[in-house]
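The values are calculated or read from the model by the stated rules, or taken from the named source; none is laboratory data. Computed from a predicted model, the values in this text were never measured in an experiment. Every residue, glycine as well, gets a Cβ built from its backbone with ideal geometry; the counts of neighbours run over all protein chains shown. These area figures cover heavy atoms from the full protein model, side chains too; ligands, DNA and RNA do not enter into them. Shrake-Rupley method; radii C 1.70, N 1.55, O 1.52, S 1.80 Å.
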Amino acid sequence: MMTVLKQAQSINVEVLGPERKTVITFDMALYEKARRLEMLHPEYRNRYIFRIGEFHTVLCALRAIGASTENRGIDDAWIAADIYGPLTTRQIIEGKHMKRAMNAHLTTLLVFFNLYQDVLFKENPGLLESCSHELICLRDVSFHAVNSAHHTEAVQKRHIELVAKLEQHGILKAMEDFDQRNQAPSFKVARSYMNAVLTLLLFVRATHQGLWTLHLASLERLCILFFARDRIKYAQMVPGYIAQMYSLQETDPEIWNEFERGNFCVNKNKIPFRGIGVDHAIEHINRTMKVKGGLSGITLKPAALARFFLTAPVMTRLSDEVHDMANVTAQKREKHT
């Protein structure tokens, strides 16, 4: 661990200079060890800033949400509806497959909200009429702005107006009153599940869009889930991590400003809403090496491993030079297809 930290610091010094702190993102197991080193060696506090990886935090939150859905009918509904098989459902509950788990919980959330709004609007018919009118206006703006050069700005403006109008019509107050009137245990379980998934979606959105303050705020709300579902390490370490990140406003304002600009996540292209956590990006890099021609088949051969890691940077440079010589450039998209 100390060797890795020193190596990362030497790279940081070479690029940014000796006065800048080194920001390193870990999964929870390594983050815990790094914080212990920091406690044993106080001088590390002036050299490093340790962060918890977003990807592994999402996996932990999925495991916590999965624990709340197991044997409560939701997992049985997935199997009965033939959406997922028993094995895939087990993977979703245990948080072993991020994409499938996110899709499953998002689909379930939409179903719950459809049922929720049916009853809510039945009790508030006037609210249904006003909300429908505003949504139709947003649909029309989206439809006519598809072929416009400024379609994104038009839709965003109309969406902001929609939120303001819904608040004026009192939909949030109506939902709050509706939740207080319904105290059935099954209703409370469903609303608890919906709130947990919504909080996770906020955290994912903060990573995709590079919204630093939303990242910290949503992570703070996820702490409740970690405590409730006995995710012990995250429940213990995340509150201190959040406090340390907020303290950067005074101790390291330059790093705080970089985080606010969205530079705490990785963007591989200019497509909006496509940022990923640093630990997630590293997993992508690891995946590229676990193929034929990479580390596959040579992990037990020290000499072959040494050759691979010594020659990989040179081979990458030669590949880039050949592409430049042949005038072959990778076209990076700037919008979703």
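Every condition in (1) touching a Ser or Thr at 6+ places or on another chain (Cβ under 8 Å); (2) over 23 Å from Leu110 (Cβ atoms); (3) without any contact (Cβ under 8 Å) to a residue 24 or more places away in the chain holds for Asp279 except the one numbered (3).
Considering Ala206, Ala190, the condition of being at pLDDT 90 or above and over 24 Å from Gly73 (Cα atoms) is satisfied by Ala206 alone.
Yes/no matrix, rows are residues, columns are (1) touching a strand residue (DSSP E or B) at 6+ places or on another chain (Cβ under 8 Å); (2) in a strand (DSSP E or B); (3) open to solvent by 30 Å² or more (accessible area, probe 1.4 Å); (4) closer than 13 Å to Met1 by Cα:
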site: Glu19; (1), (2), (3), (4): no, no, yes, no
site: Val23; (1), (2), (3), (4): yes, yes, yes, no
site: Tyr31; (1), (2), (3), (4): yes, no, no, yes
site: Ala34; (1), (2), (3), (4): yes, no, no, yes
site: Met39; (1), (2), (3), (4): no, no, yes, no
site: Tyr44; (1), (2), (3), (4): no, no, no, yes
site: Ile49; (1), (2), (3), (4): yes, yes, no, no
site: His56; (1), (2), (3), (4): no, no, yes, no
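Residues in segment 1-10 that are over 20 Å from Tyr241 (Cα atoms) and in contact with a strand residue (DSSP E or B) (Cβ under 8 Å, 6 or more places away or on another chain) were compared, and the one that is least open to solvent (accessible area, probe 1.4 Å) is Ala8. Selection of segment 101-118 for residues being touching a residue at least 12 places away in the same chain (Cβ under 8 Å) and open to solvent by 30 Å² or more (accessible area, probe 1.4 Å) yields Met102, Leu106, Thr107, Phe112, Phe113. Scanning segment 180-223 for residues that are over 18 Å from Thr57 (Cα atoms), among the small types (Gly, Ala, Ser) and not in a loop (DSSP other than H, G, I, E, B) yields Ser186, Ala190, Ser192.
Given (1) in contact with a helix residue (DSSP H, G or I) (Cβ under 6 Å, 6 or more places away or on another chain); (2) modelled with pLDDT under 90, identify the lone condition not met by Glu14. Only one criterion is unmet by Glu14, namely (1).
Where residues in segment 205-224 are hydroxyl-bearing (Ser, Thr, Tyr) and open to solvent by less than 40 Å² (accessible area, probe 1.4 Å), which of them is nearest to Gln244 (Cα to Cα)?
First, the residues of segment 205-224 that are hydroxyl-bearing (Ser, Thr, Tyr): 207, 213, 218.
In the following step, the residues that additionally are open to solvent by less than 40 Å² (accessible area, probe 1.4 Å) were identified as 207, 218.
Numbers: Thr207: 19, Ser218: 16 Å.
Selected residue: Ser218.
For Trp78, the criteria (1) at pLDDT below 90; (2) assigned to a helix (DSSP H, G or I); (3) not aliphatic (A, V, I, L, M) hold in every case but one, which is (1). Each residue in segment 216-232 was checked for being free of Cβ contacts under 8 Å to residues at least 60 places away in the same chain and under 27 Å from Asn257 (Cβ atoms), and 6 of them qualify.
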